[in-house]
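Before any comments, here is the structure.
The values are calculated or read from the model by the stated rules, or taken from the named source; none is laboratory data. Keep in mind that what you see is a predicted model, and the values were worked out from it rather than measured. Positions of Cβ are backbone-derived with ideal geometry, glycine not excepted, and every protein chain shown enters the neighbour counts. Keep in mind that these areas ignore ligands, DNA and RNA; they rest on the heavy atoms of the full protein, side chains included. Shrake-Rupley method; radii C 1.70, N 1.55, O 1.52, S 1.80 Å.
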Amino acid sequence: FRGHYWNCNTNLVVRDAKLYWSVDDLTYGNGDKRTTRAICGDLSSDPMSPAAWRMSDPVLFPGVPRQLSDPKLDALGDRFLEPNVIEVAGRLRVVSSVKLNSQTTTNLAALYDLEDRDGKLDLTFVQYHPMLGGHLDFSIVRDDASKMFWACANLAVDSRESLDFWRQARASGRYRDTST
């Protein structure tokens, strides 16, 4: 694929000799507004051949109610980032972190449906959903024994300090600013 695509260590799914993964597309959209795409590799053919790979159309960030984001806190704006592909009850889903200005709203993720029909990947934004650490870099892993999922994420704090997490963490010694 031509363009600028990016992701970090996020989950992917392998089923029916196909690898499904999702990436941020920095070549489409406006400025720092990333879009999300799904990719599929046919593992029954040569994975080094471009013909073995397909990509969905980009999904644009649909925006959020203004109350969820504080534009005074961050110049980067609101966006999705670092999508994970998971399989739930036979359906492919994509879960992406939701980065709102300086994480003004925490624990929020974006959910998409991913369908592979007639050789075309269809990625569709479905909804925002509460998820611990959903505003941070996370990786979702399926535990085959329990048939449940778990996610690795950092401590979730709110940047508006409305719940006073930062002051309490500093006072208790659990957090200290090393930038000064």
Item to complete: May I ask you to evaluate 6.51 cos²θ - 1.76 cosθ + 1.60, the Karplus curve with θ = phi - 60°, for each residue of region 126-133 and list the ³J(HN,Hα) values in order in whole Hz, giving x for glycine and proline?
Response: 10, 5, 8, 8, x, 8, 3, x
Response to the item:
So the carbon and sulfur contribution to the accessible area of region 1-150, 1.4 Å probe, in percent, is 54
Worksheet item: Largest first, what is the accessible-area ranking of 132, 114 with a 1.4 Å probe?
Response: 132, 114
Worksheet item: Ordering 2, 37, 54 from largest to smallest accessible area (1.4 angstrom probe), what's the sequence?
Response: 2, 54, 37
Practice prompt. Given the peptides 38-45, 142-149, arrange them by the average over their residues of other C-beta atoms within 10 Å, most packed first.
Written response: 38-45, 142-149
Worksheet item: Out of 26, 50, 14, whose Cα points farthest toward the positive end of the dipole of region 2-68 (charges: +1 Lys, Arg; -1 Asp, Glu; placed on Cβ)?
Response: 26
Discussion item. Against the empirical 2.2 N^0.38 Å scaling, what ratio does the C-alpha Rg of region 93-154 come to?
Written reply: 1.27
Worksheet entry | List 135, 129, ordered by accessible area with a 1.4 Å probe, largest first | 129, 135
Worksheet item: So who's got an amide H within less than 5 Å of the one on residue 70, skipping anything under 5 residues away but keeping other chains? H placed 1.01 Å off N, in plane.
Response: 101, 104
Worksheet item: Quick one: if you stick a label point 7 Å off each Cα along the C-beta vector at residue 147 and residue 89, how many nm between them?
Response: 1.2
